[in-house]
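What follows is a single structure, written as structure tokens, with notes after it.
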Amino acid sequence: MKKKSTTIIASAETKAAEWKEGTIRKNRQSNVSQALKEAEERLRAEKIENQKKTQEFLAKIRNLRASLENGTQDVDSVEKQVEMIENEVDDTLISEETRRETVAAIIKQLRTQEFTVNKPQLITTDGKNYVKIVAKQPSGKRAVCNVDLHGKIAYKFDNYAGMTCLKDIE
């Protein structure tokens, strides 16, 4: 009787451990699936200027979801990749927000110097993008500023006599 009860207890403990491990695995998979869903919703809700980048992020999320459902990637790997995507999205949003604020400050400054500022344009060339600001004064003076994602500003001032542009540049 004791031998039989020991065998039954061992079998029950094994089954309980397997059930517990399976439940934990399912819960982790469910958590990762939820994280993927939240990452996708966040991408759709955020205003990322570079739509190509947004589509790349969404494609990565779709691929991760498919590989998780198919079982081609383990939960740990998918978790790490979701975290990497979230970090990339954060970096992109921070860069774009910084650029947005820089562009707003440049426009404000140009307007205080009596420039008429055209609507800023997002220009994409060779996989890189920048915001182009064109401003003009009635006297014919013209300023063009380009602001990239890293906050680098390139500018050009036209139709100034001699070094008079230095004041506006400053």
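The values are calculated or read from the model by the stated rules, or taken from the named source; none is laboratory data. Keep in mind the model is a prediction, meaning the values are calculated, not measured. Note that each Cβ is placed from the backbone with ideal geometry, even for glycine, and that neighbours are counted across all protein chains shown. Remember, those area values only see protein heavy atoms, side chains included, never the ligands or the DNA or RNA. Shrake-Rupley method; radii C 1.70, N 1.55, O 1.52, S 1.80 Å.
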Checklist outcome for this item: Expressed per residue, the solvent accessible area of region 1-144 in Å² (1.4 Å probe) is about 70
Checklist outcome for this item: Share of accessible surface on carbon and sulfur in region 70-117, whole %, 1.4 Å probe and ligands ignored, is 49
Checklist outcome for this item: Note, Leu93: beta-carbon cut-off 13 Å, +1 each Lys/Arg, -1 each Asp/Glu, net -4
Item to check | Partner lysines for Lys37 [C-alpha distance under 23 Å; skip if fewer than 8 residues away on the same chain] | outcome: Lys26, Lys47, Lys52, Lys53, Lys60, Lys80
Next on the checklist: Give the separation of the Cα centroids, region 51-124 to region 132-151, in Å.
Outcome noted: 24
Checklist entry - What is the chain's relative contact order, in percent, from Cα pairs under 8 angstrom and six or more apart in sequence? => result 13
Next on the checklist: If you take every residue apart from Glu18 with its C-beta less than 14 Å away from the C-beta of Glu18, what net charge results, scoring Lys and Arg +1 and Asp and Glu -1?
Outcome noted: +2
Checklist entry - Which lysines have a Cα less than 28 Å from the Cα of Lys4, not counting those fewer than 8 places away in the same chain? => result Lys15, Lys20
Next on the checklist: Using a Cα-Cα cut-off of under 20 Å, which aspartates and glutamates could be cross-linked to Lys141, ignoring same-chain neighbours fewer than 8 residues away?
Outcome noted: Glu114, Asp158, Asp168, Glu170
